[in-house]
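Read through the structure below, which is laid out as structure tokens, and then see the notes.
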């Protein structure tokens, strides 16, 4: 039994891929890669860095003396310096050129950006997986009538597929936002202690062009197309708040779905998959709780709260840098990604086997449809020779009577029987049966769903057939 607190993401929720990106191994290996890329670029541009020094760093990139690193950090109270000393100890030949001209933010900020880039790729994969499942579900049930709800009160009919298209559309919005954030995510590059590149200008004897080339070379080696044009010691923390806003938006969309699913399961219309042997309650054996959707709601709430935290951090940075961002970033950014990863995995799990109870959906429609189609009943009565205004008043009175039967006496909806008994409508049982066909009242729901899928979703999914993640670092 572990006696130390561990994050629930590690034990219960997040994927191995996402956990790895924010692991110490990934982080500190990235630091060493950044030092290698810097040394390679400096050598290419004429600084006294040798191939043997670079080779030694490459050979020792995965050799970590954790006890020595911990000892150094305790002594220096500086994590980057501790790792510089440790890497230099493993690479004595390369020690003089490790971190040459750089500041701590060179490895810190650039690694943050590498982690965010690769984490976004995983989120993109998860998002596409969910969108594919939702697309299939929406298309399959595009014609199945269901009660629509406004204010969670029965309203005009929709279809099960059309409702799913609303969930899908919100994820499509998030996908486009993610693509924009991903393609515009820059590298910090090599900017020096306060962002002026003074140390590199000194190394290259005042040659501005070579400093610019160095910045571009390291950026390309790291797999980025662009880097920030200006920064202080650290890049703007708005990049963190921008990521948090994106993750929050995805969480909002997933929470909307999960809340709808919880309500639908309460009504027994659509239910989560039920695992063999799954227990709903330790006391109430019959229960079937929407525990997956509830987990989405819970994690989404956490992700949305992080957006505010990182906005505060971005807005309170002092001049070229302050350290009050560090502890917050170490918590907020990784946990935001881990939570969204978890959310989308659960979302996909639900959509791999939702149970659609069509008979319950039909029964719920039939209990409300007599009220919903009263305008159609009036029009049918007018066609039989009735007076529209008189029939409207009769419908109003009979609807009240039916409501009393339902709410006060607990009886089934008898509005149609009351209308059939009133000869002024002139309607037969067959007339009312024809009016009680739910498919007549779903409007263009099925057509809208088909158009949305074929015009917006299928082309996107076809464009990104291979959504598997390959880490770049």
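The values are calculated or read from the model by the stated rules, or taken from the named source; none is laboratory data. Note that the coordinates shown come from a computational prediction; the quantities given were computed from them, not determined experimentally. Cβ placement follows ideal geometry from the backbone for every residue including glycine, while neighbour counts extend to all protein chains displayed.
Structure notes:
- The listed residues are 365, 373, 360, and the only one of them that is touching a helix residue (DSSP H, G or I) at 6+ places or on another chain (Cβ under 6 Å) and either surrounded by fewer than 14 Cβ atoms within 10 Å (Cβ to Cβ) or farther than 16 Å from residue 428 by Cβ (or both) turns out to be 365.
- Residue count for the range 231-247 under the criterion of being over 28 Å from the mean Cα position of the chain (by Cα) and over 20 Å from residue 183 (Cβ atoms): the result is 2.
- Residue 33 meets the stated requirement of being modelled with pLDDT of 95 or more and out of contact with any helix residue (DSSP H, G or I) (no Cβ under 7 Å at 6 or more places or on another chain).
- When 98, 21 are checked against the criterion of being touching a residue at least 40 places away in the same chain (Cβ under 8 Å) and farther than 27 Å from residue 337 by Cα, 98 stands alone in meeting it.
- Restricting attention to the range 31-57, the residues being more than 16 Å from residue 218 (Cβ to Cβ) and buried (at least 16 other Cβ atoms within 10 Å of the Cβ) number 2.
- Residue within the range 172-187 that is touching a residue at least 24 places away in the same chain (Cβ under 8 Å) and within 30 Å of residue 375 (Cβ to Cβ) present: no
- Which listed residue is assigned to a helix (DSSP H, G or I) and either modelled with pLDDT under 95 or touching a strand residue (DSSP E or B) at 6+ places or on another chain (Cβ under 9 Å) (or both), from 26, 9: 9
- Every pair of residues 6+ apart whose Cβ atoms lie under 7 Å, when the first sits in the range 452-466 and is over 15 Å from residue 134 (Cα atoms) while the second is part of a helix (DSSP H, G or I): 464/128
- Residues that are modelled with pLDDT under 95, outside any helix (DSSP H, G or I) and surrounded by fewer than 16 Cβ atoms within 10 Å (Cβ to Cβ), drawn from the range 309-352: 316, 318, 319, 320, 322
- Residues of the range 175-194 that are surrounded by fewer than 20 Cβ atoms within 10 Å (Cβ to Cβ), under 21 Å from residue 31 (Cα atoms) and touching a helix residue (DSSP H, G or I) at 6+ places or on another chain (Cβ under 9 Å): 185, 186, 193.
- Boolean, residue 38 is touching a residue at least 24 places away in the same chain (Cβ under 8 Å) and either in contact with a strand residue (DSSP E or B) (Cβ under 7 Å, 6 or more places away or on another chain) or under 30 Å from residue 347 (Cβ atoms) (or both): no
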